[in-house]
Amino acid sequence: MISKELTAASSRPLILAVLSGSENYGYAIIQQVRELSGGELEWSEGMLYPVMHRLEKEGLVLSRWGKSDSGRRRKYYRLSASGKRALQSEKQQWFAVHETLTTLWGTKPCLS
Amino acid sequence: MFELDAAIANWKNQLTLDADIADRQVEELEMHVRDAIEVYTAKGLTDREAFIVATQMLGDGSVLKQEFRKVHGSAGTATVVYWGLVGFIGGKAIETVIAGISRSASTTSALSGLSGSVAGFMGVLAMILCWSAVLLFLWRRSFLHTVRSQPGYLPRTWLAMLVIAIIIGSAVNTAAQIGHAQISAATDVGTSVLWLGIGNAAVQVGVFVLGLGLLVVIAQKSQPRVSP
């Protein structure tokens, strides 16, 4: 189980990365992250929304109200141009941390 | 029998009260809960169980409040200023209209040959009738529509300060007017009343225009601008 602090710190790159794939809405973003992390990353679901609004305020994410297949109103988010740049910068930073730790611990991650 | 829509409406209302979250944001959270309920009921949970799990997973209202505050903190202040201004402008508008009606009633009575005290009484009567109509209207509205305010919650200190301000203000105003009429000659009082009246009207219009302008500015600023 990933700690609270690390969960909070990683929420930003995770959201940006999920949105880089396609436009998406809150519930689906949470489900996607949960599945991809194999249940290791447990978000308090409501917390996604203040984070989304912050990203929107910073101009990294754009939103629109649309309709779901069942006809319900739904807020969709997508990456803006500066969001894509922010994702690149996040990537570099996380890779730098990852490489440093890997060097220190002398292990190579097994990705099989 | 568990009514899902009623439960969700109730939960939304509670969230608005606890967390002071804007309607748009609550709507987004509601859609999240409805999505989650759909998933849980498809897995075999009852509506009631699915609702409980979905709302629990979403998290505590007070914690959400803190997070939303961090993002929309300035919007919260703007909202307070906005509604303060709406109340002020609205109150001023009603007050001015009623004062006009009251004065007209009083003057019409005086012109039709009634004595000064009766004319004064007619003005007061018109004022009482108008305010009764306004209060009755507000009272009916507040019962016909859901009031988004915590039951039993009143900002007591503010209310008390307002009441005291109104009492002191009216007392000072009346004393000043009586004093002026007693000390000065009738024509002087008449002239001063004339200029006060004109000045008052100008100031009221100015306050309206500036206040409305400010309202528009705040309303525009508090809307998150989303470019396509």
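The values are calculated or read from the model by the stated rules, or taken from the named source; none is laboratory data. The model shown is predicted, which means the values in this text are computed figures rather than measured ones. All Cβ positions, even for glycine, are placed from backbone atoms using ideal geometry, and neighbour counts span all protein chains on display. Calculation scope for accessible area: heavy atoms of the full protein, side chains included, ligands and nucleic acids excluded. Shrake-Rupley method; radii C 1.70, N 1.55, O 1.52, S 1.80 Å.
Put simply, the amide H of residue A:61, placed in the peptide plane, has neighbours under 5 Å in A:56, A:80, leaving out anything fewer than 5 places away on its chain.
Going from the isolated chain to the complete set of protein chains, the stretch A:34-49 loses at least 30 Å² of heavy-atom accessible area (1.4 Å probe) at A:45, A:46, A:47, A:49. Here chain B has 67 percent of its accessible surface on carbon and sulfur atoms, given a 1.4 Å probe and all protein chains in place.
Here each label is just a point 7 Å from Cα along the line to Cβ, and for residue B:201 and residue B:23 those points are 3.8 nm apart.
Shown here for the stretch B:24-62: trypsin sites (Lys or Arg not before Pro) in loop regions (DSSP other than H, G, I, E, B) with at most 13 other Cβ atoms within 10 Å, namely B:43.
Roughly how tilted is helix B:23-42, in degrees to the nearest 10 and between 0 and 90, from the longest Cα axis of chain B? For B:23-42 against chain B, the angle is about 20 degrees. What chain B shows is 69 Å² of accessible area per residue, with the surface traced by a 1.4 Å probe over protein heavy atoms. Taking a straight line from the alpha carbon of residue A:4, these lysines sit under 28 Å away, with near neighbours fewer than eight places off in the same chain left out: A:57, A:75, A:84, A:91, A:108, B:12, B:65, B:70. Per residue, the accessible area of the stretch A:4-105 comes to 54 Å², computed with a 1.4 Å probe over protein heavy atoms only. For chain A, the longest principal axis of the Cα atoms and the long axis of helix A:81-105 meet at an angle of about 20 degrees.
Only helices enter the 222 nm calculation for chain A: every DSSP H run of n ≥ 4 contributes -39,500 (n - 2.57), and dividing by all residues gives -19000 deg cm²/dmol, rounded to 500. What angle do you read, to the nearest 10 degrees and between 0 and 90, between the alpha-carbon axis of helix B:4-19 and the longest principal axis of chain B? Relative to chain B, helix B:4-19 is tipped by roughly 60 degrees.
Surface burial for B against A, with a 1.4 Å probe and both sides summed, reaches about 2300 Å² of accessible area.
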